[in-house]
Amino acid sequence: ETHQAMEIDAGEFDERVLAYVSDNGLKVSKVFITHDHFDHVDGLAEYVKRFNAEVISGTSPVGGCNARIVTHGDEMQLGSLTGKVLSTPGHTPMGLTLAFPGHAFTGDALFAGSVGGTGTKENYDMQLAAIRQHIFTLPDDTLVHVGHGPSSTVAVESKYNPFFN
């Protein structure tokens, strides 16, 4: 209703994103970064330049841009929607998930049927605990939008993801 939009991660600049935004009359005011790996931030500087958007992340600078740092429990306003930042470290130390009613954007913390890679057993355990505590406590019908691959739901992942059974 407000035509405000937020980009979640910016792995590679793509003119098709600009066309979609223009064709749909959207105003991208924010870019939320789930974690600072290159495949999530390499296009960030160009999107920020094109959209004049604020970068929001768990770290700053990120992808060559200054960012407003957010942490677990912070709220994000986008038009009339309010989202909540959830801490999901493990794949990276400052991994974040952004949850809006009915939707959670998990980056590489949680995939459909898998989880993001970690460097140590401690990071792996931390990641699984964060997913259980912060994502699997969302309503079962919450769509889980992942950094790579198909979306899923909290119900499907909490029941069938082999990393949690």
In Å³ per residue, the alpha-carbon convex hull of region 66-157 encloses 103
Among ILE69, ALA45, MET6, whose Cα lies farthest out toward the positive end of the dipole of the chain, if unit charges sit on the beta carbon of Lys, Arg (+1) and Asp, Glu (-1)?
-> ILE69
Quick one: plug the Kirkwood hydrodynamic radius of the chain (C-alpha pairs) into Stokes-Einstein at 10 °C, 1.306 mPa s, and report D in µm²/s.
-> 99
Zone reached by a paramagnetic label modelled 7 Å from GLU54 Cα along Cα→Cβ, restricted to region 20-42 with backbone N below 18 Å, covers 27-34
Pull up all non-local amide H partners of THR153: gap of 5 or more, or a different chain, and H-to-H distance under 5 Å with H placed in the peptide plane.
-> VAL144
Can you tell me how much longer the chain between ASP140 and GLU12 gets when fully stretched, taken as 0.36 nm per residue apart minus their C-alpha distance, in nm with one decimal?
-> 42.9 nm
Calculated Rg and Dmax of region 36-78 using C-alpha coordinates, Å | 10.6, 29
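In what order, largest first, do LEU143, LEU86 sit by accessible area if the probe radius is 1.4 Å?
Accessible-area ranking of LEU143, LEU86, largest first: LEU143, LEU86.
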Of ILE69, ILE33, ILE131, which has the largest mean-square fluctuation in a 10 Å C-alpha GNM of the chain?
-> ILE69
Averaged over all directions, how much area does the convex hull of the C-alpha atoms of region 1-86 cover when projected, in nm²?
-> 5.2
At what distance in nm do the modelled label points of ARG132 and HIS103 sit from each other, each positioned 7 Å from its Cα along Cα→Cβ?
-> 3.0
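Quote to one decimal, in nm, the extra length available between GLN77 and THR2 on full extension: 0.36 nm per residue of separation minus the C-alpha distance between them. Can you show the working numbers first?
Numbers: separation 75, 0.36 × 75 = 27.00 nm, distance 1.19 nm.
The GLN77-THR2 span can extend by a further 25.8 nm.
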Mind checking the full-extension length gain between LYS27 and ASP125? Use 0.36 nm per residue of separation minus the Cα-Cα distance, one decimal, nm.
-> 31.4 nm
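The values are calculated or read from the model by the stated rules, or taken from the named source; none is laboratory data. What you see is a predicted model, and the numbers here were worked out from it, not measured in a lab. Glycine gets a Cβ as well: all are built from the backbone with ideal geometry, and neighbour counts include every protein chain shown. SASA here: full protein model, heavy atoms, side chains in, ligands and nucleic acids out. Shrake-Rupley method; radii C 1.70, N 1.55, O 1.52, S 1.80 Å.
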